[in-house]
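First comes the structure, then the notes that go with it.
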Amino acid sequence: MKLAIIQVRGGTHLSPDVKKTFDLLNLRRKNSCVVVDNTPLYLGMAVKLKDYITWGEITEETFKLLLEKRGRIAGNKILTEEYVKKNLKTTLADLTKSIFNRKLKLKDVPGLKRYFRLTPPKGGYEKQGIKKQYSIGGALGYRKNGINDLIKKML
């Protein structure tokens, strides 16, 4: 299983400890997203940043959409089917499956950026805004499979 982590709030006036955790996750600006393995290491990082991010389990279908629409390679060029065929001798769908099933990692794709820049969600975040937890109607914290709906709103 993979986790999608999205930075919801900006990164000014943060403690050095929190800044370091954002750097380790490759989250450097608002509305950016990373997809990581569901391990205790990354879960601990997510809990530490719970006041600035939202996270949940991403499905393979949503991950494929994320790669197709927001995947970028060096030079800020879009990740295309031709690029994947040329460099990995596979299709984008097979690449998605192999990354999702942990046969490949995102860093194994030459030139692929390991983060995704998203737009603010169409229709906005939840009613309570970006300063309250998801469990009480806000946008922050753990949202299980609800992360897939949020990512689709942000593509």
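Read-outs throughout are calculated quantities, based only on the coordinates presented, and are distinct from any laboratory measurement. Only a predicted model underlies this, so the values are computations on that prediction, with no experimental measurement involved. Ideal geometry is used to build each Cβ from the backbone, glycine not excepted, and the neighbour counts take in all protein chains shown.
For the range 3-64, the alpha carbon positions stretch 36, 23, 16 Å along the principal axes, listed from largest to smallest. Applying both filters, DSSP loop and at most 15 other Cβ atoms within 10 Å, to the trypsin sites (Lys or Arg not before Pro) of the range 70-155 gives LYS89, ARG102, LYS103, LYS105, ARG114, LYS122, LYS127, LYS131, LYS144.
Estimate the FRET efficiency between SER135 and VAL47 by the formula 1/(1 + (r/R0)^6), using the beta-carbon distance for r and 22 Å for R0, to the nearest 0.05. About 0.95, to the nearest 0.05. Expressed as a fraction of 2.2 N^0.38 Å, the value expected for a compact globular protein of N residues, the C-alpha radius of gyration of the chain is 1.03.
Do any trypsin sites (Lys or Arg not before Pro) in the range 1-64 lie in a DSSP loop with no more than 11 other beta carbon atoms within 10 Å, and if so, which?
Working: sites: LYS2, ARG9, LYS19, LYS20, ARG28, ARG29, LYS30, LYS48, LYS50, LYS64; in loops: ARG9, ARG28, ARG29, LYS30, LYS50.
When the trypsin sites (Lys or Arg not before Pro) of the range 1-64 are filtered for loop state and at most 11 Cβ neighbours within 10 Å, ARG29 remain.
Relative to the current alpha-carbon distance between ASN87 and MET1, full extension at 0.36 nm per residue lengthens the span by 28.4 nm.
Based on alpha carbons, the Rg and Dmax found for the range 61-108 are 10.1, 28 Å.
Couplings for the range 124-131, taken from phi via the Karplus curve 6.51 cos²θ - 1.76 cosθ + 1.60 with θ = phi - 60°, read x, 6, 5, 4, 6, x, 9, 10 Hz in order; Gly and Pro are left as x.
Full extension of the segment from ILE78 to ASN145, taken as 0.36 nm per residue of separation minus the current Cα-Cα distance, would add 21.4 nm. Spatially, the range 72-105 and the range 126-148 are offset by 31 Å when compared through their Cα centroids. Going from the residue with the fewest nearby Cβ atoms within 10 Å to the one with the most, VAL34, VAL47, VAL84 rank VAL47, VAL34, VAL84. Model label sites at THR39 and VAL18, defined 7 Å from Cα along the beta-carbon direction, differ in position by 2.6 nm. Measuring against 32 Å, Cα to Cα, the residue pairs LYS77/LYS103; LYS50/LYS86; LYS97/LYS131; LYS89/LYS122; LYS107/LYS127; LYS2/LYS127 contain LYS50/LYS86; LYS97/LYS131; LYS89/LYS122; LYS107/LYS127 as the ones spanning a longer distance.
Arranged by the count of other C-beta atoms within 10 angstrom, fewest first, what order do LEU140, LEU43, LEU27 take?
Working: LEU140 25, LEU43 15, LEU27 22.
Placing the least packed residue first, the sequence is LEU43, LEU27, LEU140.
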